[in-house]
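In what follows, a single structure is set out as structure tokens and then discussed.
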Amino acid sequence: MAAPDPYRELRDRLIDAELLFPTGVEGLYGRSQTYQEIVAAIDRMVHRWGTELKATAVYLPPVLARSTFNSTNYLQSFPDLMGSVHVFRGNDRDHAELVRRVETDGDWPALLEPGEVVLSSAACHALYPMCSGRLPLGGRRYEVSGFCFRHEPSPDPARMQAFNMHEVVYVGDHDVAQRHRDEGLVHGLGLLGDLGLDVTPVPANDPFFGRLGSALAAGQIEEELKLEGVTPICSEDKPTAIISGNCHRDHFGLPFGIETDAGEVAHSACVAFGVDRITVALLVRHGLDPAEWPGPVRAGLFR
């Protein structure tokens, strides 16, 4: 008899409660009104912080200009996670062949061509071309949010293929970027702690691809460029990251031609809230009916 799978069990509980709805694809769900109300409340929480920082709010679509994507280095680092949008550009004869292949289970995607966009893998990626040129004194802060996609199908409901991300980003001087990450992550951990979540900060690395990726990941941990806040959702031994603080250095400043007011290459940093993961963590921590959550949690979140 197979051992119980806590990830599948949690997914099934959320589906049985009609908080999530299966679509036939692993890691892709419809969301209930109740689930969306939690998502919206988390977004408002992050927005309140962004407003305190006088950050410019930018709401981004789930697709990204291919030209922007090509400058992010994402394909070199995470080719297994990206998603490309392909379109039909053929004539009537090509369309007839397309229909024939669809109706005969043929290879109809081979008749498509890459479009002008790819699926967005991080909410902030579309932001950096908007920052090209010289920044004002002190740099700028942005609050960016939107749907993202990463191709990592999983039964874990906290690891969706299509998910909400909400970030508070700084672009400007190196020292301020570092401080934004460090102080911002502490503030974000406090916000989540106020919601009754037990979140622990840990050094982390992104899932870089291939043999070179192992070296990149080791360097990322050694230099503490990425820190995550993790909380137990399905496992105490393997807690889930629900917030991260990232120092990008000049990774985006160089390719997008972003300069500080002094004319130096701009650095950037972000504090990223995994909105869907936080939602699932709250449902596990406090129960599947938000109406029965502790009063202080409801008062702090739904306002």
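The values are calculated or read from the model by the stated rules, or taken from the named source; none is laboratory data. Since the model is a prediction, treat every value here as computed from it, not as a measurement. Note that we place each Cβ from the backbone using ideal geometry, even for glycine, and neighbour counts take in every protein chain shown. SASA here: full protein model, heavy atoms, side chains in, ligands and nucleic acids out. Shrake-Rupley method; radii C 1.70, N 1.55, O 1.52, S 1.80 Å.
Quick check on my filter: what residues within the stretch 246-303 are among the basic types (Lys, Arg) and more than 23 Å from Glu224 (Cα to Cα)? Arg285, Arg298, Arg303, listed by residue number. Within the stretch 123-151, the residues that satisfy the criterion of being part of a loop (DSSP other than H, G, I, E, B) and either modelled with pLDDT under 95 or within 15 Å of Ala262 (Cα to Cα) (or both) are Ser132, Leu135, Pro136, Leu137, Gly138, Gly139.
Remark: pairs (first residue in the stretch 163-187, among the aromatic types (Phe, Trp, Tyr); second residue outside any strand (DSSP E or B); Cβ separation under 6 Å; 6+ apart in sequence or on different chains) = Phe163/Asp276; Tyr170/Ala177; Tyr170/His180. Taking the listed residues Ile38, Ile15, Ile42, the one that is touching a His at 6+ places or on another chain (Cβ under 9 Å) and of a type outside the set (Phe, Trp, Tyr) is Ile42, with no other qualifying.
Summed over the stretch 74-90, residues that are open to solvent by less than 90 Å² (accessible area, probe 1.4 Å), out of contact with any strand residue (DSSP E or B) (no Cβ under 7 Å at 6 or more places or on another chain) and either polar (S, T, N, Q) or not in a helix (DSSP H, G or I) (or both) total 7. The set of residues from the stretch 27-81 being under 19 Å from Ser120 (Cβ atoms) and among the hydroxyl-bearing types (Ser, Thr, Tyr) comprises Tyr29, Thr56, Tyr59, Ser67, Thr68, Ser71, Thr72, Tyr74, Ser77. Only residues that are in contact with a helix residue (DSSP H, G or I) (Cβ under 9 Å, 6 or more places away or on another chain) and aliphatic (A, V, I, L, M) were counted in the stretch 163-184, giving 4.
The set of residues from the stretch 206-248 being polar (S, T, N, Q), surrounded by 12 or more Cβ atoms within 10 Å (Cβ to Cβ) and at pLDDT 70 or above comprises Thr231, Thr240, Ser244, Asn246. For the stretch 97-119, does any single residue satisfy the condition of being open to solvent by less than 60 Å² (accessible area, probe 1.4 Å), over 25 Å from Asp175 (Cβ atoms), out of contact with any Phe, Trp or Tyr (no Cβ under 6 Å at 6 or more places or on another chain) and touching a residue at least 60 places away in the same chain (Cβ under 8 Å)? Scanning the stretch 97-119, I find no residue that is open to solvent by less than 60 Å² (accessible area, probe 1.4 Å), over 25 Å from Asp175 (Cβ atoms), out of contact with any Phe, Trp or Tyr (no Cβ under 6 Å at 6 or more places or on another chain) and touching a residue at least 60 places away in the same chain (Cβ under 8 Å), so the answer is no.
Of all residues in the stretch 251-263, those that are of a type in the set (D, E, K, R) and buried (at least 16 other Cβ atoms within 10 Å of the Cβ) total 1. Could you say whether any residue in the stretch 123-130 is among the small types (Gly, Ala, Ser), surrounded by fewer than 14 Cβ atoms within 10 Å (Cβ to Cβ) and over 22 Å from Gly24 (Cβ atoms)? No - not one qualifying residue is present in the stretch 123-130. Scan the stretch 178-187 and tell me whether some residue there is polar (S, T, N, Q) and outside any helix (DSSP H, G or I). Within the stretch 178-187, not a single residue is polar (S, T, N, Q) and outside any helix (DSSP H, G or I). Apart from one condition, Gly172 fits all of (1) open to solvent by less than 30 Å² (accessible area, probe 1.4 Å); (2) under 12 Å from the mean Cα position of the chain (by Cα); the exception is (2).
Among the residues of the stretch 15-39, those that are out of contact with any strand residue (DSSP E or B) (no Cβ under 7 Å at 6 or more places or on another chain), touching a residue at least 24 places away in the same chain (Cβ under 8 Å) and open to solvent by 30 Å² or more (accessible area, probe 1.4 Å) comprise Ala17, Val25, Glu26, Thr34, Glu37.
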